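Student: What follows is a structure written as structure tokens; I'll ask about it next.
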Amino acid sequence: MASDTTAAVPSPGPGQEGTAPARARARARGEERRSRRYRRDVRWSPYAFIAPFFVFFAAFGLFPLLYTGWASLHQVELTSPNDMTWVGLRNFSRLLSDDFFWNALRNTFTIGVLSTVPQLLIALGIAHLLNYRLRASMFFRVAVLTPYATSVAAATLVFVLLFGRDYGMVNWALGLVGFDHVDWQNGGWSSQLAVSTIVVWRWTGYNALIYLAAMQAVPADLYESAALDGASRWQQFVHVTIPSLRPTILFTAVVSTIGATQLFGEPLLFNGAAGATGGSDHQFQTLGLYLYEQGWVNLHLGRASAIAWAMFLILLLIGAVNWLVSHKLRKGMTS
């Protein structure tokens, strides 16, 4: 009977011995493969995510910059861009004796000052008002950003009608208070003031929201301490808000200056059908318009490239000034 029971117990067949260790080794190999894939994913995925930016930057940023620099050293026409004649720095030396270039540089500086200073001051005041608890505050924040969302063409065409010499609303309002009509497009300072007004209208709300975000980051304890010391709201604004916003004010000033250096759409469309001349006497022709006139009207691609690189060097100078001022501000805040 015992022998029958023993015979009924099945014995391990061939290949069944060591099944558990084999499965363990297989699981270990699978985990090792997953671990290697995970390590590769962690190591290379960030590069894959940022690769599209560098690809597009190289194609549409770096390559045009280098090609423009190369073209600025040649005499080349837009009608035959592959026919280049080496001239070295002659295109740049011609700019130094070019009255139209210096006129465009002066106009760019003047329009930049007329647009940047009022723009930032008005934006600072609007942000200060929006920083208090107002009813429908979200509506007002969206409202001040509406001009920024408006296209340059639409805004400029509206302002062309407003600044019309004979039937413009601005001259109509000036006539009500006894002033003569102003020829905004053909005047010197008047045309630059009109172009600057378009820039102020479009960008004030954008800068106001930047200031508002910076104001909301100012600790409330500073205002409470100033109020306990008897400071009024104006004194709190001058002695608490403005010092806290110095880095933000510097940032907006630099960005607005860069935008003014590259100003193109507003003066081009304000000139109407006259093209890129910037008025009958080039009175509001900016560097951007002068570049466009040389490259796409006169077809001098080499000269236009030299102007583009001159603008690039100006922007580098503005960036260096920004770095020096911000460095001094940081040292003053830490000391």
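Student: Working only within region 133-182, note down all residues that are of a type in the set (A, V, I, L, M), at pLDDT 90 or above and crowded, with 16+ Cβ neighbours inside 10 Å.
Tutor: Passing the criteria: Ala155, Val160, Leu162, Val170.
Student: Quick test for you: out of Tyr223, Tyr292, pick the one residue that is modelled with pLDDT of 90 or more and among the hydroxyl-bearing types (Ser, Thr, Tyr).
Tutor: Tyr292
Student: When the residues of region 238-270 are filtered to those that are in a loop (DSSP other than H, G, I, E, B) and open to solvent by 20 Å² or more (accessible area, probe 1.4 Å), which remaining residue is farthest from Thr150 (Cα to Cα)?
Tutor: Among residues in region 238-270 that are in a loop (DSSP other than H, G, I, E, B) and open to solvent by 20 Å² or more (accessible area, probe 1.4 Å), the one farthest from Thr150 (Cα to Cα) is Gln262.
Student: Does region 216-235 contain at least one residue that is of a type in the set (A, V, I, L, M) and in contact (Cβ under 8 Å) with a residue 60 or more places away in the chain? Give the steps one after another, and end with the answer.
Tutor: To start, the set of residues in region 216-235 that are of a type in the set (A, V, I, L, M) comprises 217-218, 220, 222, 226-228, 231.
Among the residues that remain, those that are also in contact (Cβ under 8 Å) with a residue 60 or more places away in the chain are: none.
Looking for residues that are of a type in the set (A, V, I, L, M) and in contact (Cβ under 8 Å) with a residue 60 or more places away in the chain, one finds none in region 216-235, hence no.
Student: Any residue at all in region 116-125 that is free of Cβ contacts under 8 Å to residues at least 60 places away in the same chain, outside any helix (DSSP H, G or I) and open to solvent by 90 Å² or more (accessible area, probe 1.4 Å)?
Tutor: no
Student: Kindly establish whether Ala231 is surrounded by 14 or more Cβ atoms within 10 Å (Cβ to Cβ) and touching a Pro at 6+ places or on another chain (Cβ under 8 Å).
Tutor: Numbers: surrounded by 14 or more Cβ atoms within 10 Å (Cβ to Cβ): yes; touching a Pro at 6+ places or on another chain (Cβ under 8 Å): no.
In short, no.
Student: Same structure, new question: For the list (1) over 17 Å from Thr150 (Cβ atoms); (2) open to solvent by 60 Å² or more (accessible area, probe 1.4 Å), I need the number of the one condition that Gly188 fails.
Tutor: (2)
Student: Considering each residue of region 167-213, count those that are within 18 Å of the chain's Cα centre (by Cα) and more than 15 Å from Ser115 (Cα to Cα), and give that number.
Tutor: Number satisfying all stated conditions: 4.
Student: Anything in region 278-335 that is of a type in the set (Phe, Trp, Tyr) and surrounded by 12 or more Cβ atoms within 10 Å (Cβ to Cβ)? List them, or say none.
Tutor: Let us first name the residues in region 278-335 that are of a type in the set (Phe, Trp, Tyr), namely 284, 290, 292, 296, 309, 312, 323.
Listed by number, the residues that qualify are Phe284, Tyr290, Tyr292, Trp296, Trp309, Phe312.
Student: Of the numbered conditions (1) part of a helix (DSSP H, G or I); (2) modelled with pLDDT of 90 or more, Tyr47 satisfies every one except a single condition; which is it?
Tutor: In the conditions (1) part of a helix (DSSP H, G or I); (2) modelled with pLDDT of 90 or more, Tyr47 misses (2) alone.
Student: Tally the residues that are open to solvent by less than 60 Å² (accessible area, probe 1.4 Å) and modelled with pLDDT of 90 or more, restricting the search to region 66-86.
Tutor: 9
Student: Related question: Between a first residue in region 129-145 that is farther than 14 Å from Ala208 by Cα and a second residue that is open to solvent by 60 Å² or more (accessible area, probe 1.4 Å), which pairs have beta carbons less than 8 Å apart while being 6 or more apart in sequence or on different chains?
Tutor: Note: pairs meeting the criteria are Leu134/Phe140.
Student: Just need a number here: residues in region 74-112 that are more than 30 Å from Val200 (Cβ to Cβ) and in a helix (DSSP H, G or I).
Tutor: 6
Student: Hey, another quick one. In this structure, is Gly319 in contact (Cβ under 8 Å) with a residue 40 or more places away in the chain, under 25 Å from Phe63 (Cα atoms), of a type outside the set (Val, Ile, Thr) and in contact with a strand residue (DSSP E or B) (Cβ under 9 Å, 6 or more places away or on another chain)?
Tutor: Considered against the rule, which asks whether it is in contact (Cβ under 8 Å) with a residue 40 or more places away in the chain, under 25 Å from Phe63 (Cα atoms), of a type outside the set (Val, Ile, Thr) and in contact with a strand residue (DSSP E or B) (Cβ under 9 Å, 6 or more places away or on another chain), Gly319 comes out as no.
The values are calculated or read from the model by the stated rules, or taken from the named source; none is laboratory data. Please read these numbers as outputs of a predicted model, since none were measured by experiment. Every residue, glycine among them, receives a Cβ derived from its backbone with ideal geometry; neighbour counts consider all protein chains shown. Note: areas computed on protein heavy atoms with side chains; ligands, DNA, RNA excluded. Shrake-Rupley method; radii C 1.70, N 1.55, O 1.52, S 1.80 Å.
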